[in-house]
Structure formats: C-alpha cells, structure tokens
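Q: Handing you this structure, nothing more for now.
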Amino acid sequence: MVLLTPTYAVLDVQGIGYNILISLQTYTRLADAATAKLHIHQVVREDANLLYGFCDEDERQIFRLLINVNGVGPNTALMMLSSLSSDEIRAAILKEDINTLKSVKGIGLKTAQRIVVDLRDKITTSGASADLFSKLAAGGKQKNEALSALIALGFAKAPAEKVLDKLSTQTKDYTVEELIKAALKQM
C-alpha cells in the first residue's frame, strides 16, 4: 500500500498505483497493514473508471445491494458503509428501522423506505450472525405489534416507542403479550 486516507487508498500492483475509494470500515481495518488484499467493485462511466475497495466480501456484497436501489449511487452506498457497519445496515433493513438508515448523511425518508422495501427480501445473513438477525427481525415485528397495541390503548407513540426500545435491549425474549404487559408497567 502506497497511501492510505480515510476515503481512498493507493495500492501498488507491480509498479502501477491504483486509486481505490474505501469506506471508514475498510480504512480502520487497513490502518496498520503494510500489505492488503481488497475486494474490488469497478464502476465504468463515460468520464471515469472508479474502483471501490472493501476488506471483506460481506461489505462488498452490501455495497452491491445498495447501489442496485433506485436513488442510491456508489458514493451514497460508500457513505452508508462509512457511517454504519455491514451488520448494522443488514439489521436496520431486517428490522425495517427507517430512522437508522435516515441517520446517514444523504439518506432521506423516501430513500430509506425504498432501501428497506427493495432489500428486505434480498438481504442474507451469513455464518454465526444468522440467529442474531432472525431474532432482530422477529423482535422488530413484535415491537411493532406491541407499539400498535399501546397506541390503540391511548398511549402517545413517542413515549411508548421509547419504553419498547428500552425493553428490546434487555436479554429476555418477549412475546407480544409480555412486551405489552412489561411496557404498561413502565408507563
């Protein structure tokens, strides 16, 4: 590696320097590396030939899924991967957590909704994370059902959501009924 900055790296490959755009995730993992292997995604445009580099295949896979969403280009996808980890993006999509996606600079409500709608069936879970993501997806559904029930009971949405968020961070797996009961005790 010839040069490493938070936004790009220059790799020397047999005397040729390649400028590769990277995310902060990749930058962090490359910070101490003298040599590196990057998974590359090439974008050929009329006016440029761009290389995007990723430390692992999972990050590149998320990048490729994101750029296939209408309104999300390579730079926006790279910004998302710099703001959130691959697992956080995957979890936000599976939980349909629009607010997490909106927290990324350049992502508005419509784009966040489009990302969720377009990718929730395409997102895959890999390895040991599969159980975590299935629990997150189930927990999100249970939380939404409990929130709807609390609103129907006359509670304001914001405080109810805050209590449910607090309960969802606990290690206990709640059914919808248990979640509603526990939330009622705290409201």
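Q: Looking at Lys172, Lys141, which one is over 19 Å from Glu59 (Cα atoms), charged (D, E, K, R) and either modelled with pLDDT of 85 or more or not in a helix (DSSP H, G or I) (or both)? Explain how you work it out, then say what you get.
A: Numbers: Lys141 fails: either modelled with pLDDT of 85 or more or not in a helix (DSSP H, G or I) (or both).
Result of the check over Lys172, Lys141: Lys172.
Q: Applying the selection to the range 11-31, what residues are assigned to a loop (DSSP other than H, G, I, E, B) and either under 25 Å from the mean Cα position of the chain (by Cα) or of a type in the set (Gly, Ala, Ser) (or both)?
A: Gly15, Ser23, Ala31
Q: What about Ile107, is it closer than 30 Å to Leu164 by Cα and surrounded by 20 or more Cβ atoms within 10 Å (Cβ to Cβ)? First the steps, then the outcome.
A: Numbers: closer than 30 Å to Leu164 by Cα: yes; surrounded by 20 or more Cβ atoms within 10 Å (Cβ to Cβ): yes.
Yes, satisfied.
Q: Among the residues of the range 1-23, write down those that are among the hydrophobic types (A, V, I, L, M, F, W, C) and crowded, with 16+ Cβ neighbours inside 10 Å.
A: Matches in the range 1-23: Leu4, Ala9, Leu11, Ile20, Leu21, Ile22.
Q: So Gly53 passes all but one of these: (1) out of contact with any strand residue (DSSP E or B) (no Cβ under 6 Å at 6 or more places or on another chain); (2) among the small types (Gly, Ala, Ser); (3) more than 30 Å from Asp165 (Cα to Cα). Which condition number does it fail?
A: All conditions pass for Gly53, except number (1).
The values are calculated or read from the model by the stated rules, or taken from the named source; none is laboratory data. Everything numeric in this text was worked out from a predicted model, so none of it was measured. No Cβ is skipped: glycine too gets one built from the backbone with ideal geometry, and neighbour counts run over all protein chains shown.
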